[in-house]
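K.L.:
Take this structure, written in structure tokens, and hold onto it; I'll ask about it next.
The values are calculated or read from the model by the stated rules, or taken from the named source; none is laboratory data. Being a predicted model, the structure only gives us computed values, none of them experimental. Note that each Cβ is placed from the backbone with ideal geometry, even for glycine, and that neighbours are counted across all protein chains shown. With ligands, DNA and RNA removed, areas are computed over all heavy atoms of the protein, side chains included. Shrake-Rupley method; radii C 1.70, N 1.55, O 1.52, S 1.80 Å.
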Amino acid sequence: KNKVGPSLNHLFGRTAGTHPDFAYSAAMKAAGTAGLVWDEATLRDYLHDPKLKVKGTKMVFVGLKDDGDITNLLAYLKQFSK
């Protein structure tokens, strides 16, 4: 379900800013239109520094600095992708 953020089920391979019924920022929609698709590399960059990866995002998450934490989060999210 969409809540504070969009549902993260089936995130890998999804174009940024396209999950139905979620109010994305203009910056996130523009990133998707420009070709940003979520895969391990793009998510790793985003999770490390969301505001650098998608300038103007409204997401208040400051990012994860520990690469091990990011690796663990990606492994968790992969369980819910196709």
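K.L.:
Sorted by accessible area with a 1.4 angstrom probe, largest first, how do 4, 62, 37, 54 fall? Don't skip to the answer; put the middle values down first.
P.N.:
Details: 4 145, 62 110, 37 55, 54 5 Å².
Descending order: 4, 62, 37, 54.
K.L.:
Calculate, in nm to one decimal, what residue 30 and residue 78 gain on full extension: separation in residues at 0.36 nm each, minus their alpha carbon distance. Each step should come with its number before you reach the end.
P.N.:
Details: separation 48, 0.36 × 48 = 17.28 nm, distance 2.46 nm.
Working it through step by step, the gained length comes to 14.8 nm.
K.L.:
Here's another thing I want to ask about it. Treat each spin label as a single point 7 Å out from the Cα along the C-beta direction, and report the residue 18 to residue 52 distance in nm.
P.N.:
Label-label distance for residue 18 and residue 52, simple model: 2.7 nm.
K.L.:
Same structure, new question: In a Debye calculation with equal point scatterers on the alpha-carbon sites of the chain and no solvent, what is log10 I(q)/I(0) at q = 0.12, 0.15, 0.24 Å⁻¹?
P.N.:
-0.31, -0.50, -1.38
K.L.:
Just read off the accessible area of residue 24 with the full protein assembly in place, 1.4 Å probe, to the nearest 10 Å².
P.N.:
About 30 Å², ignoring ligands and nucleic acids.
K.L.:
Show that you can apply the helix-only estimate: for the chain, add -39,500 (n - 2.57) for every DSSP H stretch of four or more residues, divide by all residues, and state [θ] at 222 nm to the nearest 500.
P.N.:
Working: 4 runs with 33 residues, N = 82.
The per-residue figure over the chain is -11000 deg cm²/dmol.
K.L.:
For the range 5-52, max minus min Cα coordinate along each principal axis, in Å, sorted largest first?
P.N.:
25, 22, 19
K.L.:
Of the listed pairs 1/82; 3/55; 58/82; 3/53; 29/53; 3/82, which have alpha-carbon separations greater than 19 Å here? Spell out each step's value before the answer.
P.N.:
Working: 1/82 17 Å; 3/55 22 Å; 58/82 27 Å; 3/53 22 Å; 29/53 13 Å; 3/82 21 Å.
Correct reply: 3/55; 58/82; 3/53; 3/82.
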